[in-house]
1. Scan region 1-12 for residues that are open to solvent by 60 Å² or more (accessible area, probe 1.4 Å) and assigned to a helix (DSSP H, G or I) and jot them down.
2. Where residues in region 168-193 are of a type in the set (Gly, Ala, Ser) and open to solvent by less than 70 Å² (accessible area, probe 1.4 Å), which of them is modelled with the highest pLDDT?
3. Sort out which residues of region 92-140 are in contact with a strand residue (DSSP E or B) (Cβ under 8 Å, 6 or more places away or on another chain) and open to solvent by 30 Å² or more (accessible area, probe 1.4 Å), and write them in order of number.
4. Within region 73-91, which residues are open to solvent by 10 Å² or more (accessible area, probe 1.4 Å) and either at pLDDT 80 or above or small (Gly, Ala, Ser) (or both)?
5. For region 13-37, name all the residues that are of a type outside the set (A, V, I, L, M, F, W, C) and either open to solvent by 90 Å² or more (accessible area, probe 1.4 Å) or touching a residue at least 12 places away in the same chain (Cβ under 8 Å) (or both).
6. So which residues in region 147-171 are assigned to a loop (DSSP other than H, G, I, E, B) and polar (S, T, N, Q), if there are any at all?
7. Just to check your reading of the model, which residue among 150, 155 is at pLDDT 90 or above, farther than 21 Å from residue 109 by Cβ and of a type in the set (S, T, N, Q)?
8. Go through region 92-124 and give me each residue that's outside any helix (DSSP H, G or I) and touching a Phe, Trp or Tyr at 6+ places or on another chain (Cβ under 8 Å).
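The values are calculated or read from the model by the stated rules, or taken from the named source; none is laboratory data. The model shown is predicted, which means the values in this text are computed figures rather than measured ones. Positions of Cβ are generated from backbone atoms using ideal geometry, with glycine treated the same way; all protein chains shown enter the neighbour counts. What goes into the accessible areas is simple: the full protein's heavy atoms, side chains included, and nothing from ligands, DNA or RNA. Shrake-Rupley method; radii C 1.70, N 1.55, O 1.52, S 1.80 Å.
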Amino acid sequence: MANHEDLRIRRTRTQIEQAFFELLETKTFNELTVQDISQRAKVGRSTFYSHYYDKYDLLESLVRDYSTIFQDIVQQRFSIQTPEIGSNTVRVLIVALTQYRQNLLLLFNLHTETADLERNFKQILKKTAADYFAKIRLADRTNLPMDYLSDLYASNVIMFLMWQLRHGKNDAVIRFGDRLQEFVLKPEGLDLS
């Protein structure tokens, strides 16, 4: 019985989430109401409120879910211990996130104090890069500040990711992005004098 109930809960949440994304294609987040979402999801408002406190709670839940997916992909990528860690990172992210393309694009346009997918993705990338730099003791091999390199890495990956999601997969841009990440992740080989 518990599995059947869990399935119904998941199905209802999925209906609400799909309705939210569908409505975001025609309305701004500020224009959306719980009534709009409930009607589109074909659930009562009381059902909506049994799952989410309000539309902000729904947004925060979605941002949290997609951030977790992204963090898992990034951590998996950085757990591969090869000298070419930067190679194909942008490609791996694009391929893995393409299935969520439309929802990600909609969420990237929403920025609230408690729910900002772009900010979350950038923080995940920055922390992962900083941890990687500490692990390989990069500070011992370059004069560049580690926080600068972490920021640069995160900003570049976000820019490439958002561009690819908005414009579609472009192999030349992906190769360029991967090559650029190699420089960021291994700057000690560059002549900076």
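1. Once the filter is applied, which keeps residues that are open to solvent by 60 Å² or more (accessible area, probe 1.4 Å) and assigned to a helix (DSSP H, G or I), region 1-12 yields 2, 3, 4, 5, 6, 7, 8, 9, 10, 11.
2. In this case the residue turns out to be 172.
3. Listed by number, the residues that qualify are 118, 119.
4. Once the filter is applied, which keeps residues that are open to solvent by 10 Å² or more (accessible area, probe 1.4 Å) and either at pLDDT 80 or above or small (Gly, Ala, Ser) (or both), region 73-91 yields 73, 75, 76, 77, 79, 87.
5. Hits for region 13-37 are 13, 15, 17, 18, 22, 25, 26, 30, 31, 33, 36.
6. 170
7. Every option except 150 fails the conditions.
8. 110, 112, 114, 115 - these are the residues of region 92-124 that are outside any helix (DSSP H, G or I) and touching a Phe, Trp or Tyr at 6+ places or on another chain (Cβ under 8 Å).
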